[in-house]
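The values are calculated or read from the model by the stated rules, or taken from the named source; none is laboratory data. It should be emphasised that the depicted structure is a prediction, and the values quoted were computed from it without experimental measurement. Backbone-built Cβ (ideal geometry, glycine too); neighbour counts: all protein chains shown. Calculation scope for accessible area: heavy atoms of the full protein, side chains included, ligands and nucleic acids excluded. Shrake-Rupley method; radii C 1.70, N 1.55, O 1.52, S 1.80 Å.
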Amino acid sequence: MKKLLLIYKFEWKNLIANRIMVLIFLLLILSGLYSIYYGQTEIKKQTTHIGYLKQQEKVRLDTILYRMKADTSFKANKAAFQRAQNPAQLNRFVKAYAINPPSPMASLSLGQRDLQPYYVRLDATGFHQQMNTSEIKNPLKLFTGNFDLAFVFIYLFPLVIILLTYDIYSAEKEQGTLPLLASQPLKVSQVMWIKVSFRLLTILGLGLLLTLLGVVLNGISIAHNLGKISQWMAIISAYTLFWFALMYGIMALRKSSAFNAITGLGAYLMFTLVFPALLNIFINIQAPPPAKNEMTNLIRTRSSKQWGNPKSWVFKDFYLKYPQYNDGDTLNFYKWLYAGYTITDEKAQEVNGQFHRQIQKREALGKQWLWITPAVLAQEKLNQVAQTGHRAQQQYLQKAQAFHAQLRDFYYPRIFKNKKVTIEEVNKIPRYSTQEVKRN
Amino acid sequence: MFKYFFIKELKETLRDARFQVMGGLVFILLITATLVGYRGFDQLQQMRKQAQQQVRQEWVGQGNKHPHSAAHYGHMAFKPKPTLSFMDFGLDSFTGMVVYMEAHKQNDILYSQAQDSTSLIRFGEMTIAFVLQMLMPLLIIFLVFASITREREGGTLKMMVSQGVSTRKILLYKISSYSFITLLLFLPAFLIASTLLFRQSHTALQTHLTGKFFTLLSAYWAYFMIFIVLSVLISAFSKTSRMALVQLLGVWIFFCILMPKATANIADNLYTAPAKYEFDDVIKKKVEAGIDGHNPSDKRFEALKQQTLKKYGVDSIAKLPINFSGLAMQVGEEYTDQVYDQEFKKVQQVFKSQNRVSEVAGLINPLLAIRQVSMGLAGTDYHHHVKFATEAENYRRKMVKMANNDMMVNHKPGIAYKDYKVGRGFWESLPPFQYKMASLNEIVQQNLWGIAALLVWFLGGFALILYRSSSISIV
């Protein structure tokens, strides 16, 4: 134990005496700090938008309340009052936002949050129709990706690990100090172990430090997210350990420093660049992304038929499926419109199911092969912890759809039973709750 | 004299186990990337082509209906994969691939591949561009880092100089030898690529294909030369091979891993684009209240009505010889288009300014320069995306205008909406959607920064060799 500490002490002195190493560590910490700052600005933009949207939603509801309370003896007020009472028109006016708020750890690993929608404006009309929008994004930015803390861990840490370990053994040999070392009471292999463990602890410590900085600077509550933070640390540690084990294996071959450095770097290249890129194209050829244009085509074809045919064309299908709404009315414009939305949405749901299966096939392929690249594996896990991955997005979309069903359940009975919406009922209009997301 | 240099370098290189492994790997990857990239490209291209044809058939065969109903039914434009894009996928996986074109509104270009992928997509795709931009420089570094230091450490540099060969000549000979070796590595892949390319050139979408292909080839050659010159220079000015290697690897990490991300992120913070809802709100507001805010839509409608009545010298809409709804719709459409163009230009300007940061940064990092030039030539950069968006929008306007005009002229007042119909002949008079890629000339103009950066690096490197080679220490 004493010897261990002694070697650690010398290693530490060696490390801080080496100007280049100190510089590299400083650079790494600076990159880490920048990445934390960057992740924070990205997430802040999103929370500002979300805040604004929530406020907009409230403004609209307040407008409705105001119109319902207004003096209807004025002509202008009366028209607005009638529009507010009509469930079909009210639905179009209110609209609610289904929002996917960033999880507390999102800023540390932005994942797919910049690629995927995090808010959808919804009303009780067709769900899939309303999903056909996209955010305004610079594709070049999406292409280059994010400089977040996960990037620092996944791309930069291995490089420093390679740099720290490639000449542990070979340098002693090349400097001619190996016989001297061998003459010591400790075995050479033991000394090597201690040296490696010192570097491992340094890197792990740095990882912990950066994570904690990220947590503190982002104002993430440690008490509430202890589980998440420890998961995060576990992933980082496992990934770091992997690189140390790899470098130890290369060292064990007892080749020259140059060989170790180049082999280590070669492995880095394979794991972070070549394998992922190959895997990507492999998945794209095996299971190409679904041809989602079919959705657009379906919706426009249905809509064209609905408008081109007599009203009974829609009602025939609709009343058969929803006999509770069947009062024999086949003339009402709003009933016809909303019946059409539902029927089209059901067809769209089938098509969406096909897309979903294709996407699942892609995911399964990815899962099956991800082990060949620990870098992507670690990224996926970090995204899972931060809830910014593809899976989290799918869950959010499911929640949004469930919310849409709530909206439909509120408006449809009122539209089809010719009921007016009263002022008391305005507060019962479903609002999207993000609470559940936070608890997960 | 050069012959001896070249033969010596070639022999040494081929004998070097490191090069055998790395070179072999890059070579295999390059061939794989070519074949696999082509396959992926072909798959998508076929799919989109078929879909585009199908949509056309549906348009032509939609039966008899009112032209305005047809404009609502609308059309779809698929973004075709440019022929050269199999060499560089560029931004294609991150941009949408289809846009629905209908009356009254401009839709988004939807469904990017990246949205249906896991985080894997962020790690890059195996294309020729990927291998040439990221891996080739590393191979060059491994090949060249010891080129001068080894001669110095072995004493051969002193010997050569004492025999009257100037250091400048030695450096230049080394550079030319390595450039030949590099050429040998990447030429086979380019030969395969060109066969694939010109085999299908009769259906090629791209104009100036040959010109673009060879410009691409020379851009990459310049990129490699930059790394060769840089590596020889650093080797010449380093004390030991190890120092040279460490410095060069540092340069590679900075160029290929750190800087591209940092630049794009900083640019994004410098210029802010509006969120989608903000964009939509502004358009809605400006259409309702008028572009200047003092010309609301109902006033505009009233003015148009009065103007039209005056023009035809009648006192009511019913007496007009034309269909006023058709006219009003077209005028409204054109007003919305104006607003949309204004706002869309603003967004484009923001993105172009953001991208400009990366372009100018090409002067610091040749990877950023070649990336931009390569995407541009392959037809997968932001400029091409905007071009597609613009052409699709123009096509939409053409389609809507055609429908509105017909309604205005032929749908006489008094005839019910459901009773006025046009048929196949009318649908056929709208030509199929076709998207012309930018010409070589346009691409060069759009990528002046990238080309300039490559030239600055290229000439700067050689200038350094010419002016500083005498100060290299020989022992």
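Couple of notes before you dig in:
This table checks each residue for (1) in contact with a Ser or Thr (Cβ under 6 Å, 6 or more places away or on another chain); (2) over 15 Å from residue B:128 (Cα atoms).
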position	(1), (2)
B:11	no, yes
B:15	no, yes
B:32	no, no
B:36	no, no
B:50	no, yes
B:73	yes, yes
B:78	no, yes
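- Filtering the range B:235-278 to residues that are polar (S, T, N, Q) and surrounded by fewer than 19 Cβ atoms within 10 Å (Cβ to Cβ) leaves B:240, B:241, B:247, B:269, B:272.
- Residue B:232 meets all of the listed conditions (1) open to solvent by less than 20 Å² (accessible area, probe 1.4 Å); (2) under 30 Å from residue A:35 (Cα atoms); (3) more than 9 Å from chain A (Cβ to nearest Cβ) but one, namely (2).
- Residues located in the range A:59-79, provided they are open to solvent by less than 50 Å² (accessible area, probe 1.4 Å) and either touching a residue at least 24 places away in the same chain (Cβ under 8 Å) or touching a Phe, Trp or Tyr at 6+ places or on another chain (Cβ under 9 Å) (or both): A:61, A:63, A:64, A:65, A:68, A:70
- For the range A:22-58, the candidate set comprises residues that are of a type in the set (Phe, Trp, Tyr) and either over 22 Å from the mean Cα position of the chain (by Cα) or open to solvent by 60 Å² or more (accessible area, probe 1.4 Å) (or both); within that set, the residue that is farthest from residue B:278 (Cα to Cα) is A:25.
- Those helices (runs of 4 or more DSSP H) lying entirely in the range B:364-475 with at least 3 residues farther than 29 Å from residue B:223 by Cβ and touching a residue at least 60 places away in the same chain (Cβ under 8 Å): B:382-410, B:424-428
- Those helices (runs of 4 or more DSSP H) lying entirely in the range B:137-212 with at least 3 residues open to solvent by less than 20 Å² (accessible area, probe 1.4 Å): B:147-153, B:167-199
- Look at the range A:14-40: where a residue is touching a residue at least 60 places away in the same chain (Cβ under 8 Å) and closer than 22 Å to residue A:212 by Cβ and a partner is open to solvent by 60 Å² or more (accessible area, probe 1.4 Å) and not in a loop (DSSP other than H, G, I, E, B), sitting 6+ places away or on another chain with Cβ atoms under 6 Å, you get A:36/A:217.
- Residue A:91 fulfils the conditions (1) within 30 Å of residue B:389 (Cα to Cα); (2) more than 13 Å from every other protein chain (Cβ to nearest Cβ); (3) part of a helix (DSSP H, G or I); (4) not hydrophobic (A, V, I, L, M, F, W, C) except for a single criterion, (1).
- Taken together, the residues in the range A:386-432 that are among the hydroxyl-bearing types (Ser, Thr, Tyr), under 21 Å from residue A:62 (Cα atoms) and part of a loop (DSSP other than H, G, I, E, B) amount to 2.
- Of the helices (runs of 4 or more DSSP H) lying entirely inside the range A:129-226, those carrying at least 2 residues that are more than 28 Å from residue A:378 (Cα to Cα) and free of Cβ contacts under 8 Å to residues at least 40 places away in the same chain are A:168-175, A:178-182, A:188-217.
Residue-by-condition table, conditions (1) open to solvent by 30 Å² or more (accessible area, probe 1.4 Å); (2) within 21 Å of residue A:8 (Cα to Cα); (3) within 14 Å of chain B (Cβ to nearest Cβ):
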{"site": "A:156", "(1), (2), (3)": "no, no, yes"}
{"site": "A:168", "(1), (2), (3)": "no, yes, no"}
{"site": "A:172", "(1), (2), (3)": "no, yes, no"}
{"site": "A:175", "(1), (2), (3)": "yes, yes, yes"}
{"site": "A:199", "(1), (2), (3)": "yes, yes, no"}
{"site": "A:208", "(1), (2), (3)": "yes, yes, no"}
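- Residues that are more than 26 Å from the chain's Cα centre (by Cα), open to solvent by 40 Å² or more (accessible area, probe 1.4 Å) and of a type in the set (S, T, N, Q) within the range B:11-35 comprise just one, B:20.
- In the set (1) open to solvent by 20 Å² or more (accessible area, probe 1.4 Å); (2) more than 11 Å from every other protein chain (Cβ to nearest Cβ); (3) under 16 Å from the mean Cα position of the chain (by Cα), residue A:135 fails one condition alone, (2).
- Pairs, first more than 15 Å from residue A:380 (Cα to Cα) and facing another protein chain (nearest Cβ under 10 Å) in the range A:106-126, second in a helix (DSSP H, G or I) and charged (D, E, K, R), C-beta under 8 Å, six or more apart: A:114/A:42; A:114/A:141
- Any hit, the range A:243-265, residues being out of contact with any His (no Cβ under 9 Å at 6 or more places or on another chain) and within 25 Å of residue A:363 (Cα to Cα): no
- Looking across the range B:248-275, the residues that are over 18 Å from residue A:157 (Cα atoms), over 21 Å from the mean Cα position of the chain (by Cα) and either without any contact (Cβ under 8 Å) to a residue 24 or more places away in the chain or in a loop (DSSP other than H, G, I, E, B) (or both) come down to B:269, B:272, B:274, B:275.
- When the range B:352-372 is filtered for residues that are closer than 23 Å to residue B:83 by Cα and open to solvent by 10 Å² or more (accessible area, probe 1.4 Å), the ones remaining, listed by number, are B:371, B:372.
- Within the range A:255-342, helices (runs of 4 or more DSSP H) holding 1 or more residues that are among the hydrophobic types (A, V, I, L, M, F, W, C), at the interface with chain B (Cβ under 7 Å from one of its Cβ atoms) and open to solvent by less than 40 Å² (accessible area, probe 1.4 Å): A:257-269, A:275-286
- Given (1) surrounded by fewer than 18 Cβ atoms within 10 Å (Cβ to Cβ); (2) under 22 Å from the mean Cα position of the chain (by Cα); (3) within 30 Å of residue B:49 (Cβ to Cβ), index of the condition residue B:349 fails: (3)
- Among the residues of the range B:309-331, the one identified as in contact with a Phe, Trp or Tyr (Cβ under 8 Å, 6 or more places away or on another chain), in a helix (DSSP H, G or I) and under 24 Å from residue B:398 (Cβ atoms) is B:328.
- Qualifying residue in the range A:112-124 (condition: of a type outside the set (Ser, Thr, Tyr) and in a helix (DSSP H, G or I)): no
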